[in-house]
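Peer 1: Below you will find the structure I want to go over with you.
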Ligand SMILES: Cc1cc2nc3c(=O)[nH]c(=O)nc-3n(C[C@H](O)[C@H](O)[C@H](O)COP(=O)(O)OP(=O)(O)OC[C@H]3O[C@@H](n4cnc5c(N)ncnc54)[C@H](O)[C@@H]3O)c2cc1C
Ligand code: SF4
Ligand code: SF4
């Protein structure tokens, strides 16, 4: 705000009403510790004025801010209006008679609502739901490897030119840190398998200028629900784009998500320093059934604790989020609701259904085990979001319901070990 005041003092020209500057996003979201590191503001900025800070990984101003307001308008912790994600059929036609829905999204999708009444209740808009795993064994996947297999199938079918995913950082000092990358080959998709429990500013990687892609690329994006919200909001509203190719996104895959973490706080402080976890030996890091599980390559469990014990390392902005199910995605995929070794898949849109069919030969598909488990966890997630908002008025209000109650949400959703991949 200091710089904003300075600008006002130096500029005698009256400011048009309604402008929102980056510094207001900075004050209200980033400095307030509410940023969920989705990268939407970076992708939305038409003058490419927002970058990613090399140390904090947070958005920072790298060029002059023009006060266009778009970083604020599309930020899921700022001004993102959820009604902007409502059915594209409500978007008026432009001069050429093309609706934003036709131009940027699948006009057959009529259910983009994240909040509000039907069809946002229960699981939200769902055309089909399955438990899925990769038809062939893939190393390093998190659950059934369905995300990886689907992307490999789509690349093989020529349905996409690449996928925005997260791969391990190249920096040897950053074990278990995910960084965004555009995978263009099946090998690159497989190398990015598995979950990273840090946000990656994923949408900042939609600047495709350094990627070897066709002039009109078709991308799938794998992201947390807040990242998909950012894409959907930008697709639903026309604005003059900068370097970031939101127009290239033809498929969104949301990973079910109740919270993400700050890399330094989770991996270095909580795991390496406090619990003496040998990061070089770790084979898998998982948040599942309300527990944080860290497993070594030899099968030894280094950590098995309630995830609540790691709340101090979680992103504060995640508490405010009630979109566990990724309601605005084409496909929502996660572990809850199906047995170990399988991934739960909610097919939400025609585009999602088409992609699923195109990749079908790479997938083992069966009935979803426990859809109610998804609904229960979604309810819990929303209750925490409401509590988080209540705490703004009453800081002493407890954020969590008690742990026993937390665990009851997982009852009946046991993910028993089942036949592993051949
Ligand atoms: C932060 C986070 C929280 C999650 N919380 C839950 C939860 O509460 N409940 C639940 O059921 N499932 C949750 N998941 C999803 C779950 O961990 C699996 O990703 C999902 O079940 C898919 O498994 P898979 O074996 O099919 O995926 P894989 O085949 O292993 O592929 C996973 C894909 O996700 C990409 N990816 C990994 N990390 C990230 C990231 N941080 N941001 C963007 N893309 C990424 C990878 O690059 C890869 O393409 C969460 C995932 C993340 C990243
Ligand atoms: S939450 Fe996303 S859009 Fe908002 S400031 Fe953070 S990175 Fe930018
Ligand atoms: S909990 Fe919500 S805000 Fe946090 S990473 Fe997941 S989807 Fe994004």
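Peer 1: Whether any residue in the range 328-341 is in contact (Cβ under 8 Å) with a residue 12 or more places away in the chain, under 20 Å from residue 76 (Cβ atoms) and within 16 Å of ligand 2 (Cβ to nearest atom) is what I want to check.
Peer 2: Checking the range 328-341: at least one residue is in contact (Cβ under 8 Å) with a residue 12 or more places away in the chain, under 20 Å from residue 76 (Cβ atoms) and within 16 Å of ligand 2 (Cβ to nearest atom).
Peer 1: Please find, within the range 305-349, the residue that is nearest to ligand 1 (Cβ to nearest atom) out of those that are touching a strand residue (DSSP E or B) at 6+ places or on another chain (Cβ under 8 Å) and in a helix (DSSP H, G or I).
Peer 2: 307
Yes or no, residue by residue, for (1) out of contact with any helix residue (DSSP H, G or I) (no Cβ under 7 Å at 6 or more places or on another chain); (2) outside any loop (DSSP other than H, G, I, E, B):
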{"site": "292", "(1), (2)": "no, yes"}
{"site": "299", "(1), (2)": "yes, no"}
{"site": "351", "(1), (2)": "yes, yes"}
{"site": "366", "(1), (2)": "yes, yes"}
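Peer 1: What are the residues in the range 313-323 that are in contact with a helix residue (DSSP H, G or I) (Cβ under 7 Å, 6 or more places away or on another chain) and either assigned by TED's automatic domain parsing to the domain that holds residue 27 or closer than 17 Å to residue 198 by Cβ (or both), if any?
Peer 2: 313, 319, 321
Yes/no per residue for (1) assigned by TED's automatic domain parsing to the domain that holds residue 78; (2) within 25 Å of residue 287 (Cα to Cα); (3) surrounded by fewer than 24 Cβ atoms within 10 Å (Cβ to Cβ); (4) within 16 Å of ligand 3 (Cβ to nearest atom):
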{"site": "179", "(1), (2), (3), (4)": "no, yes, yes, yes"}
{"site": "209", "(1), (2), (3), (4)": "no, no, yes, no"}
{"site": "213", "(1), (2), (3), (4)": "no, no, yes, no"}
{"site": "216", "(1), (2), (3), (4)": "no, no, yes, no"}
{"site": "222", "(1), (2), (3), (4)": "no, yes, no, yes"}
{"site": "227", "(1), (2), (3), (4)": "no, yes, no, yes"}
{"site": "230", "(1), (2), (3), (4)": "no, yes, no, yes"}
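Peer 1: Among (1) within 16 Å of residue 206 (Cβ to Cβ); (2) within 16 Å of ligand 3 (Cβ to nearest atom); (3) part of a loop (DSSP other than H, G, I, E, B), there is one condition residue 57 misses while meeting the rest; what is its number?
Peer 2: Condition (1) is where residue 57 drops out.
One line per residue, one yes/no per condition, for (1) within 16 Å of ligand 1 (Cβ to nearest atom); (2) at pLDDT below 95; (3) under 22 Å from residue 178 (Cβ atoms); (4) not in a helix (DSSP H, G or I):
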{"position": "28", "(1), (2), (3), (4)": "no, yes, no, no"}
{"position": "35", "(1), (2), (3), (4)": "yes, no, yes, yes"}
{"position": "42", "(1), (2), (3), (4)": "yes, no, yes, no"}
{"position": "79", "(1), (2), (3), (4)": "no, yes, no, yes"}
{"position": "83", "(1), (2), (3), (4)": "no, yes, no, no"}
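Peer 1: While we're looking at this one, here's another question. Just one of 96, 102, 139 is modelled with pLDDT under 95 and either assigned by TED's automatic domain parsing to the domain that holds residue 345 or touching a strand residue (DSSP E or B) at 6+ places or on another chain (Cβ under 8 Å) (or both); which is it?
Peer 2: 139
Peer 1: Which members of the range 28-51 meet the condition of being surrounded by 15 or more Cβ atoms within 10 Å (Cβ to Cβ) and under 17 Å from residue 315 (Cα atoms)?
Peer 2: Of everything in the range 28-51, those that are surrounded by 15 or more Cβ atoms within 10 Å (Cβ to Cβ) and under 17 Å from residue 315 (Cα atoms) turn out to be 28, 29, 30, 34, 35, 36, 37, 38, 39, 40.
Peer 1: Whether any residue in the range 164-175 is crowded, with 24+ Cβ neighbours inside 10 Å and away from ligand 3 (no atom under 16 Å from the Cβ) is what I want to check.
Peer 2: Within the range 164-175, none of the residues are crowded, with 24+ Cβ neighbours inside 10 Å and away from ligand 3 (no atom under 16 Å from the Cβ).
Peer 1: With in contact with a helix residue (DSSP H, G or I) (Cβ under 9 Å, 6 or more places away or on another chain) and surrounded by fewer than 19 Cβ atoms within 10 Å (Cβ to Cβ) as the only criterion, which of 278, 262 stands out?
Peer 2: 278
Peer 1: Are any residues in the range 225-253 touching a strand residue (DSSP E or B) at 6+ places or on another chain (Cβ under 6 Å), closer than 30 Å to residue 289 by Cβ and within 15 Å of ligand 2 (Cβ to nearest atom), and if so, which ones?
Peer 2: The answer is 225, 228, 231.
Peer 1: Let me ask you something else. With 299, 312, 242, 290 as the choices, which residue is over 17 Å from residue 77 (Cβ atoms), surrounded by fewer than 16 Cβ atoms within 10 Å (Cβ to Cβ) and touching a residue at least 24 places away in the same chain (Cβ under 8 Å)?
Peer 2: 312
The values are calculated or read from the model by the stated rules, or taken from the named source; none is laboratory data. Given the structure is predicted, the values throughout are model-derived calculations rather than measurements. Because the Cβ atoms are built from the backbone with ideal geometry, glycine has one as well, and the counts that use them run over all protein chains shown.
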